[in-house]
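The values are calculated or read from the model by the stated rules, or taken from the named source; none is laboratory data. Everything numeric here is computed off the predicted structure, so don't read it as measured data. Don't worry about glycine lacking a Cβ; one is built from the backbone with ideal geometry, like all the others, and counts go over all protein chains shown. Accessible surface areas use protein heavy atoms only, side chains included; no ligands, DNA or RNA. Shrake-Rupley method; radii C 1.70, N 1.55, O 1.52, S 1.80 Å.
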Amino acid sequence: IAETLSDEILTKMHAAPKPDIPVLNPKDLPEADGYLFGFPTRYGTTPAQVKTFFDATGGLWTKQALAGKPAGFFFSTASQHGGQEVTVFTSLPILAHHGMIFVPFGYGHANLFDNSEVIGGSPWGAGTVANGDGSRQPTEKELDIAEAQGEQFGNVAKKLAA
């Protein structure tokens, strides 16, 4: 999704350089069979960029263009108890207003039961704990959870689109 902060502000924040990837336009959402939305947590909710993106879907909402489409979430937080689950809770009204079908991951991977180390994710979706400065990268266990969620979600979206 589009960045809402200026280059000047991003520089002052010591933000990582913007990757050269396509930017999703809200008007293109109806083309997909389903959506796995991923974003960092900001104080237990979505960052402003994500809110701005969804605020731009009003035209789709009035047409109910996304109704019946499956959606799920994955996320990152700065700390182990940084709001991974509440970020999904605060995002569910978006899905409800659009008539979308929330597809939680459940305990679809054994790593979600592993308490031997810090592992992001929950039955609400895959996740990682990035540290406040973003220095921690997803672990193999977290990546395995994310891959399993993607596979499970893809199977659900395929069935609903049939």
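What residue among LYS141, LYS69, LYS27 has the largest mean-square fluctuation in a Gaussian network model of the chain, using Cα springs under 10 Å?
With Cα springs under 10 Å in the chain, the top fluctuation among LYS141, LYS69, LYS27 is at LYS27.
Given +1 on the Cβ of Lys and Arg, -1 on the Cβ of Asp and Glu, and no further charges, what dipole in debye does segment 1-123 carry about its Cα centre, rounded to the nearest 20?
On the way: 7 positive and 11 negative charges, 65 e Å.
With Lys and Arg at +1 and Asp and Glu at -1, about 320 debye.
What is the percent carbon and sulfur in the accessible area of the chain, measuring with a 1.4 Å probe over the protein chains and ignoring ligands?
Numbers: 5480 of 9500 Å².
For the chain, the apolar C and S fraction of the accessible surface comes to 58 percent.
Under a 10 Å cutoff between Cα atoms, tell me which one of SER135, SER116, SER91 has the largest fluctuation in the Gaussian network model of the chain.
Among SER135, SER116, SER91, the largest GNM mean-square fluctuation belongs to SER116.
Going by accessible area, probe 1.4 Å, with all protein chains left in place, what is the ranking of PHE74, PHE153, PHE102, largest first?
Largest to smallest exposure gives the sequence PHE74, PHE102, PHE153.
Taking the C-alpha atoms of the chain, how large are the radius of gyration and the largest Cα-Cα span, Dmax, in Å?
16.1, 48
What pairs in LYS18/LYS63; LYS51/LYS141; LYS18/LYS158; LYS69/LYS141; LYS12/LYS141; LYS27/LYS159 have C-alpha atoms more than 26 Å from each other?
Cα-Cα > 26 Å for LYS18/LYS63; LYS51/LYS141; LYS18/LYS158; LYS69/LYS141; LYS12/LYS141; rest within.
Quick one: accessible surface of LEU5, probe radius 1.4 Å, all protein chains present, in square angstrom to the nearest 10.
Roll a 1.4 Å probe over it and LEU5 shows about 60 Å².
Just to confirm a number: summing +1 for Lys and Arg and -1 for Asp and Glu over residues other than GLY34 whose beta-carbon lies under 15 angstrom from that of GLY34, what do you get?
Once all neighbours under 15 Å are counted, the net charge is -1.
Taking the Cα centre of segment 1-134 as the origin and placing charges on Cβ (Lys, Arg +1; Asp, Glu -1), which of SER91, PRO47, LEU5 is farthest toward the positive end of the dipole?
SER91
Report the extension gain between GLU8 and ASP33 in nm, rounded to one decimal, defined as 0.36 nm multiplied by the number of residues separating them, less their alpha carbon distance.
Length gained between GLU8 and ASP33: 5.3 nm.
Can you give me the accessible area per residue for the chain, using a 1.4 Å probe, in Å²?
59 Å²
Just reorder THR62, THR45 by solvent-accessible area, largest first, 1.4 Å probe, all chains present.
Largest accessible area first, the list is THR62, THR45.
Given the whole protein assembly as supplied and a 1.4 Å probe, what does the accessible area of VAL103 come to in Å², nearest 10?
20 Å²
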